[in-house]
1. Quick check: anything in region 45-58 over 17 Å from M83 (Cα atoms), within 15 Å of the chain's Cα centre (by Cα), of a type in the set (V, I, T) and surrounded by fewer than 16 Cβ atoms within 10 Å (Cβ to Cβ)?
2. Anything in region 106-130 that is polar (S, T, N, Q) and exposed (fewer than 13 other Cβ atoms within 10 Å of the Cβ)? List them, or say none.
3. For the subset of region 88-105 comprising residues that are more than 19 Å from Q39 (Cα to Cα) and of a type outside the set (D, E, K, R), which member is surrounded by the fewest Cβ atoms within 10 Å (Cβ to Cβ)?
4. Listed residues A61, A23, A40; which is open to solvent by 40 Å² or more (accessible area, probe 1.4 Å) and of a type in the set (A, V, I, L, M)?
Amino acid sequence: QVQLVESGGGLVQAGGSLRLSCAASGLTFSTYNMGWFRQAPGKEREFVAAVSWSGVITYYADSVKGRFTISRDNAKNTVDLQMNSLRPEDAAVYYCAADNSDRGGYYYIRAARAAVYEYWGQGTQVTVSS
């Protein structure tokens, strides 16, 4: 069974940092593009960042570009999200998701669309106090 498990969430003050990690199992990790999404109460799930199967291509939502960094380690089957300069509006449950690269080419519109991701983790809570 495919499993994605997020960790690293917590409570930080505005301006602080957190590093989220997603551990994948049950799939050939290096063939999957990986993404991070978040959902705040009463809001739609939104794209945060994504990385191609190789780790060469990355995409970021405008709201986090310059503050967040996505990375992956295919030897460890993990994808991380380093979050710096956190703001109250960053508070949400953060989800890790896997998109099979065999489905086609990789580009922003694909990476940012939640519906293309086949597998999802259960999420990790990030809260930001001001």
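The values are calculated or read from the model by the stated rules, or taken from the named source; none is laboratory data. These numbers come from a predicted model, not from an experiment. For neighbour counting, all protein chains shown are included, and Cβ atoms are generated from backbone atoms with ideal geometry for every residue, glycine included. What goes into the accessible areas is simple: the full protein's heavy atoms, side chains included, and nothing from ligands, DNA or RNA. Shrake-Rupley method; radii C 1.70, N 1.55, O 1.52, S 1.80 Å.
1. Yes, the conditions are met somewhere in region 45-58.
2. Q122, Q125, S129, S130
3. Taking the candidates together, the pick is G105.
4. A23
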